[in-house]
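The values are calculated or read from the model by the stated rules, or taken from the named source; none is laboratory data. Computed from a prediction, not measured in an experiment: that's the story for all the values here. Positions of Cβ are backbone-derived with ideal geometry, glycine not excepted, and every protein chain shown enters the neighbour counts. For the accessible areas, the whole protein counts, side chains as well, though only heavy atoms, and no ligand, DNA or RNA atoms are used. Shrake-Rupley method; radii C 1.70, N 1.55, O 1.52, S 1.80 Å.
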Amino acid sequence: MATAPKESENAIGLEEIYTERQEPPKGQKTFTVEEAVETIGFGRFHVALFLIMGSTGVAEAMEIMLIAVVSPFIRCEWQLQDWQVALVTTMVFFGYMVFSIVLGLLADRYGRWKILLLSFLWAAYFSLLTSFAPSYIWFVFLRAMVGGGVSGHAQGLIIKTEFLPTKYRGYMLPLSQVFWLAGSLLIIGLASVVNPTIGWRWLIRIASIPGILLILVFKFIPESARYNVSTGNEAAALATLQRIAKMNGATMPEGVLREPAKERRGRFKDLVHPKYLRTTLQIWIIWLGIAFAYYGVILASAELLERDLVCGPAAAPVQDSGDGSEESRSPCHCRLFGPAAYQTMIISTVGEIALNPLNILGINFLGRRLSLCITMGCTALFFLLLNICTSSAGMTGFLFMLRALVSANFNTIYIYTAEVYPTTMRALGMGTSGSLCRVGAMVAPFISQVLMSASFIGALCLFSSVCVVCAISALTLPIETKGRALQVCI
């Protein structure tokens, strides 16, 4: 039979312990979750949390990047036209957009941990089903459902943010990009081996394995103490903080945990409260533009390699699926990636951490707003540089820098959004931002895979212009969160 302390420990991540709020005796010392997190400091718990929660980025990257490496194969198998290939990616992000708001709302009401677990189960299930899709229509529908599940992975970032001391957030959160990079490289490497041998369906099955394995370690993840306090679940919050202090070899603050006044959580109208209205609108613009640029770069890279659009004698050849047959000359462009194309994709993907050290320095010394403004402006410039007629090596260099910049943009806006909103609406703020982000991602395929074929310079100018708008919006954000404690309520 379990002992009472053991039951209390198990309740950290899986149960909610509700107690009546009692005012501490007059003169007795009290502390908040924010003060406890700062006092406990950084230690073993945070390293373990970083590794487990960061690994969610591996699973997410593999599922999102999957479309870029299977597009040529489904194009050939079902003889798809440009708009049909673009629609696949668009529907993935449509599912992401719809469920991002719903799961963000549910996370603020029922907890980050529960929604994160649900999202992994959902994404893994539908990802496996996708590998058995009998037709193009089924493939599109099932990938949209995968996108809906992946949208809940953002709760992992929120849990990390709410447990990290203030001075470490600007350093640790950008390092999470390493996991996204690992997932991206893993899916490209697997694609180069699996696609030509046992086929794209097996690639999808293999790509779902990391997400399934992560589910097994979820029991080691506690629910956010900030969330528990915001719901009145003071006992669970205290148990979590004591566990963290024990793991870190630190001491808890003196006194009793003080619960702030209980407020309603997860209300959409709070996002447009006069205090946050301007911030919310500008954040939405930035999220939309960053996603538009990020996925535009990824899909444009695949399109450049698939269509062999780089110019100059050193351009990398693309492996054709036929030998001059009518099928290979069809408007569906049935061309498959060769080894050189996969190599270029790997090199450009590595660019995602190339600017990480500079990005971390910029975030912590220049502030979130100015750092984001600079990287967005540089992104706009490098989009225009893609129009320069150059060799394959030159094109790879431009793509490398673009991936580095768009990755830095995502790092910064993720941190800013998680910091600017209070606990009572943080998950909803991230959810709605993520939803607007997917609007940009939904449009990107039609620019990278359809408009780019008709007007290369037109597509690049559109990407560049959106980045300029985002740079201006970032610079004029009304709140700077550098060194700012996480807010509990409005």
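Past 27 Å, Cα to Cα: identify those pairs from 114/275; 29/114; 246/275; 114/246; 29/275; 29/482, in the order given. Before the final figure, lay out each step's value.
On the way: 114/275 30 Å; 29/114 33 Å; 246/275 38 Å; 114/246 24 Å; 29/275 31 Å; 29/482 29 Å.
The answer is 114/275; 29/114; 246/275; 29/275; 29/482.
Can you tell me which of 229-242, 464-477, 428-441 comes out highest on packing, and rank the rest after it, using the mean Cβ neighbours within 10 Å?
Numbers: 229-242: 22.4, 464-477: 19.9, 428-441: 25.1.
Highest to lowest by the protection proxy: 428-441, 229-242, 464-477.
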Label-point gap, in nm, between residue 480 and residue 365 - each point 7 angstrom along Cα→Cβ = 1.5
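Within a Cβ distance under 12 Å of residue 66, other residues only, what is the Lys/Arg minus Asp/Glu net charge?
Details: positive: 143, 201, 205; negative: 60, 63.
In short, +1.
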request  = Would you mind getting me the FRET efficiency between residue 212 and residue 267? Use the beta-carbon distance for r and R0 = 30 Å, nearest 0.05.
outcome  = 0.30
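Any chance you could run the full-extension gain for residue 358 through residue 30? It's 0.36 nm times the residue separation minus the Cα-Cα distance, nm to one decimal. If you can, show how the numbers build up before the last one.
Working: separation 328, 0.36 × 328 = 118.08 nm, distance 3.96 nm.
In short, 114.1 nm is gained.
Stretched out fully, how many nm does the piece from residue 135 to residue 277 gain, at 0.36 nm a residue minus the Cα gap? Kindly include the intermediate steps, with their values, before the conclusion.
Numbers: separation 142, 0.36 × 142 = 51.12 nm, distance 4.44 nm.
Taking residue 135 through residue 277 to full extension adds about 46.7 nm, to one decimal.
Could you sort 481, 32 by accessible area so the largest value comes first, with the probe set to 1.4 Å? Working shown, then result.
Working: 481 0, 32 30 Å².
Accessible-area ranking of 481, 32, largest first: 32, 481.
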note = Expected vector for the range 89-94, Karplus 3J(HN,Hα) from phi with 6.51, -1.76, 1.60 and θ = phi - 60°, integer Hz, x for Gly and Pro, equals 5, 4, 6, 4, 7, 5
key: Distance (nanometres) between label positions extended 7 Å along Cα→Cβ at residue 205 and residue 44   = 4.1
ask   = the range 141-206 to the range 340-380: how many Å between their Cα centroids?
value = 18
task = Using 0.36 nm per residue of separation minus the Cα-Cα distance, give me the extension gain between residue 125 and residue 252 in nm, one decimal.
result = 41.6 nm
request  = First select every other residue whose beta carbon is under 15 angstrom from the beta carbon of residue 129; then total the charges, Lys and Arg +1, Asp and Glu -1.
outcome  = +2
key: Distance from the range 46-121 to the range 422-490 (C-alpha centre basis), Å   = 17
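Counting each pair of different Cα atoms once, what's the Kirkwood radius of the range 29-262 in Å, rounded to one decimal?
Numbers: mean 1/r = 0.0525 Å⁻¹.
It works out to 19.1 Å.
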